[in-house]
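Here the structure is laid out as structure tokens; the discussion comes afterwards.
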Amino acid sequence: MDTGFPTQDAQTDFTRARRRAVLSRLSGRLRRQPEDVNVILPFDEVVEALGNRGERNLGLQTIALDSIVGTVDRTREFDRSFRPISRRVRRRWERIAQAMRRGESMPPIDVYRIGDMHFVRDGHHRVSVARHLGRELIDAYVTEIITTVGAERDVRLRDLATKSHERLFFERVPLPPELRPRIRLTRKTWWANLAEAVEAWGFRAMQARGEFMTREQVALEWFRNDFEPVVQALRESDLVSGFTDAEAYMRISALRYFLLRTHRWDESVIERLREELRKPPPRDEDTLVHVLRRGTKR
């Protein structure tokens, strides 16, 4: 219960916020959540993984507090929900809490925006106190960072390695932005494998045509003349389920080649693949890896 005395209530607020941070971390361990669920995202590492293509000033805006998931500050004295995890911030935190409880106006914070995520440049304590007091919105000066690949708001620290591989893939296979969402992979190593497959397809296409193609031309031609027809055939033939389109393409295209040494599609190829896919993989082996290994033994 609040006492009505801003100084005393601010001190209690900080204690409660710290306790919530500890309980959240303990609850995550008991539920066996990944270690990085509550880790605040570091701006520099996120930008490095996604690729920086430029920035633009968007001026003063009102943003949702729960969209703020990261920081430019490397000290990381708050968790991902901006609960304080260090006692070092106590004095400043309580001073801001007192001011907010008295109804004093606060200057806008300063943030970077990547997609629908925000990263604090200035105003960590104001964000923390505002979230603790149950506020939903805050005024902020926003600078948007334009990245090579995007990321959802629930991206975690461990996801950055995969995002980095995704960025490298689109540097090697520069598809138009509107087509990129169709290419989704869940494992970081698969991005490099798919890039190699596209480049090999491009090499064969150039040999067949007898003319050079740029990376952009190879990417678009591969998507239209190989990726889309293969995925459509797979869906119509009900050959795969539980995979993204890109994973299904990788799985079947590689298996098709290892089994039959061909890049073509016809009814005999589809029937041979259907027979192979009816065989369940061992429980201790990754599905894609097992299928490819089994194909190479033929």
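The values are calculated or read from the model by the stated rules, or taken from the named source; none is laboratory data. Nothing here was measured: the structure is a model prediction, and the numbers come from that model. Every residue, glycine among them, receives a Cβ derived from its backbone with ideal geometry; neighbour counts consider all protein chains shown.
A few comments on the model shown:
- Total residues in the range 155-173, condition in a loop (DSSP other than H, G, I, E, B) and within 25 Å of Phe43 (Cα to Cα): 2
- Residues of the range 207-216 that turn out to be touching a residue at least 12 places away in the same chain (Cβ under 8 Å) and either over 17 Å from Phe170 (Cβ atoms) or polar (S, T, N, Q) (or both), as a count: 0
- Checking the range 135-142 against the condition returns no match, with no residue being of a type in the set (Gly, Ala, Ser), under 26 Å from Arg53 (Cβ atoms) and assigned to a helix (DSSP H, G or I).
- The one condition in (1) surrounded by 16 or more Cβ atoms within 10 Å (Cβ to Cβ); (2) in contact with a strand residue (DSSP E or B) (Cβ under 8 Å, 6 or more places away or on another chain); (3) of a type outside the set (Gly, Ala, Ser); (4) outside any strand (DSSP E or B) that Val37 fails to fulfil: (2)
- Gln217 vs. criteria surrounded by 13 or more Cβ atoms within 10 Å (Cβ to Cβ), modelled with pLDDT of 90 or more, over 25 Å from the mean Cα position of the chain (by Cα) and not small (Gly, Ala, Ser): yes
Table: residues versus (1) aromatic (Phe, Trp, Tyr); (2) surrounded by 13 or more Cβ atoms within 10 Å (Cβ to Cβ); (3) in contact with a Gly (Cβ under 8 Å, 6 or more places away or on another chain).
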residue	(1), (2), (3)
Thr147	no, yes, yes
Glu152	no, no, yes
Trp190	yes, yes, no
Asn193	no, yes, no
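- Flag for Phe203 being in a helix (DSSP H, G or I), more than 19 Å from the chain's Cα centre (by Cα) and aromatic (Phe, Trp, Tyr): yes
- Considering residues of the range 77-103 that are crowded, with 16+ Cβ neighbours inside 10 Å and part of a loop (DSSP other than H, G, I, E, B) only, the residue nearest to the chain's Cα centre (by Cα): Arg80
Residue by residue, here is whether (1) more than 25 Å from the chain's Cα centre (by Cα); (2) at pLDDT 95 or above holds:
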residue	(1), (2)
Arg18	yes, no
Val22	yes, no
Pro34	no, no
Arg53	no, no
Gly59	yes, yes
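- Total residues in the range 44-81 satisfying the condition of being under 15 Å from Asp159 (Cβ atoms) and out of contact with any helix residue (DSSP H, G or I) (no Cβ under 7 Å at 6 or more places or on another chain): the figure is 4.
- From Thr143, Thr162, residue being over 20 Å from Phe82 (Cβ atoms), hydroxyl-bearing (Ser, Thr, Tyr) and buried (at least 16 other Cβ atoms within 10 Å of the Cβ): Thr162
- Filter result (surrounded by 13 or more Cβ atoms within 10 Å (Cβ to Cβ) and under 22 Å from Ser128 (Cα atoms)) within the range 46-60: Val46
- When His132 is tested against (1) surrounded by fewer than 17 Cβ atoms within 10 Å (Cβ to Cβ); (2) modelled with pLDDT under 95; (3) under 30 Å from Thr12 (Cα atoms), only condition (1) is not met.
- Residue check: Ile63 meets all listed conditions (1) more than 25 Å from the chain's Cα centre (by Cα); (2) closer than 17 Å to Arg121 by Cβ but one, namely (1).
- Unmet criterion (only one of (1) in contact (Cβ under 8 Å) with a residue 24 or more places away in the chain; (2) in a helix (DSSP H, G or I); (3) not acidic (Asp, Glu)) for Leu23: (1)
- Taking the criterion of being touching a Pro at 6+ places or on another chain (Cβ under 8 Å) and under 23 Å from Thr143 (Cβ atoms), the residues of the range 73-113 that qualify are Arg74, Arg76, Glu77, Phe78.
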